[in-house]
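Take a look at the structure below.
Coordinate-derived values only; no laboratory data. If you're wondering where the values come from, they're calculated on a predicted model, not measured in any experiment. So basically every Cβ, Gly included, is an ideal-geometry build from the backbone, and we count neighbours across all protein chains shown.
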Amino acid sequence: MTTPVLGVEPRISPEQSASEHAAARQPYVYRRRNAPEPDWRRFPGWRDVSEAEWRDVQWQRAHCVKTSGQLKDVLGDRVADRFYDDLNRDQVERATMSMLVPPQMINTMMVDPLPSAADSWTDSMYADPVRRYMLPVFSDRLTQWPSHPHATRDSLHEHEMWTAEGLTHRYPTKVLAELLSTCPQYCGHCTRMDLVGNSTPSITKLKFVAKPTDRYDDMIAYLRNSPGVRDVVVSGGDVGNLPWSRLEAFVAELLSIENIRDIRLATKALAALPQHWLQPEVRSGVERLAKTARDRGVSLAIHTHVNTAASVTPLVAEAVRAMLDAGVRDVRNQGVLLNGINASVDALLDLSFALLDDAAIMPYYFYMCDMIPFSEHWRLAVWQAQELQHGIMGYLPGFATPRIVCDVPYVGKRWVHQLADYDHTRGISYWTKNYRTGVELDDPEALRRRYEYYDPIHTLPVEGQDWWREHSGDYLTASAETIAAAAESREASR
Ligand code: SF4
């Protein structure tokens, strides 16, 4: 017990250890989480679902929520109709992604709904961070600036940098191979909304033209003739939707190319549908690939996409463990920084510790949400991202402290403090780069030019907002491109 010094209050209460006292005085207080798998039987529609069914990937895929009616079948009438109306309106007028949410993800929503108030499930649903990006509703979006005037469908210009259909060569030594255009789940903020998923009333999706086998052959041929490329992100879409034999055959081809030293499989399904990665066929296939990779000195890793701590459940940890046991070198997380979902120091640190402690996933990146149509309510300003990066430093081990990055069009990933200049009034940051993307190889200005990125207009001071009002003309409510795509889509459906 601490003895009070004359006239001085004891700084540590009798119940508190010195270390607890010190921890409690920090802006963020670390606590080991150890959260159990949420019980899916709390939802009326899944009251009788057994554990065997829950762990069955076919059951999960067959019971994905694709419509508001199916969601209502799961949640029952404890969620008010105004929520489903709001969801339907968003699908018709705003959504850039169609609805597709596996039960595993629904089960990470409303883990602790308020039990007492009459509207508690409705309020909990509206407030839920997973719901806010997987099932966006119309009232989530901004009314005045729902899209930035510079928002575009392919905001990173990946298609311009295709060297074979679906193979983006943007960085000197790295490529992105989009093997497919579907996922087991569709995220509302998807960067590849131009191509990934089914068309929505607002967005007619592009389609790959060539047959998958021809595309894969073209990609492999390009890589065999590109000795300067050493690193391939195998993505989509989500490789969790590719028949295993096809994915294994493609990765095996990559492993036969001498210059390829890093292969990363990109799959949000590791967290959204861990049942897929726990299948015996997938586990033994990963083991075969990992052995070949190890024998050839190649690093085979999995990159996943988790945005909230609630998504890191024991079943996700089990799937990660299975992948590490199969010989994958590392599992890393590339989350997206989203306003209303994880844009606070506490939320980012809770998520990072959940990844690291509970699931052995390395917190790696948080991307700023890209400038796609109707994403302004999710996006943050660069200065806000800088503050968050500052706020999360010093708590996690250095190797597990995620970098918050801005994917600047025609530049690529930059740490958020790397900007060259910043007009805070108009919300325009200026960035430089030290390499040429595939479309600038003969451009003498590429390395001298400054590239722009735009903060959401609603975060700007009044004079900045006025400037955009004066200069953005007809773009006030949505980008011209989005409007044109919506009109085209409606025309086609008549
Ligand atoms: S999993 Fe990735 S590719 Fe698929 S919808 Fe989500 S963000 Fe887009």
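Worth pointing out:
- Extending 7 Å from Cα along the Cβ direction at residue 439 and again at residue 318 yields two label points whose distance is 4.6 nm.
- Relative exposure of 48, 358, 238, 455, judged by other C-beta atoms within 10 Å (fewest first): 48, 358, 455, 238
- Calculated mean residue ellipticity, 222 nm, the chain: -9000 deg cm²/dmol, from DSSP H runs (n ≥ 4) at -39500 (n - 2.57) each, averaged per residue and rounded to 500.
- Descending by average beta-carbon neighbour count within 10 Å, the peptides 365-375, 64-74 line up as 365-375, 64-74, the highest first.
- Relative to the globular-protein estimate of 2.2 N^0.38 Å, the Cα radius of gyration of the chain stands at 1.01.
- Around the Cα centre of the chain, unit charges on the Cβ atoms of Lys, Arg, Asp and Glu (plus for the first two, minus for the last two) sum to a dipole of about 920 debye.
- Lys pairs under 28 Å by Cα in the chain, provided they are eight or more residues apart or on distinct chains: 21
- Cα shape, the range 40-140, gyration tensor, a/c 1.5 rule: oblate
- Once exposed loop GluC sites (Glu not before Pro) are cut out (DSSP; at most 11 other Cβ, 10 Å), longest piece of the chain: 16-257
- Net lengthening on full extension, residue 284/residue 93 (0.36 nm per residue, minus Cα-Cα): 64.3 nm
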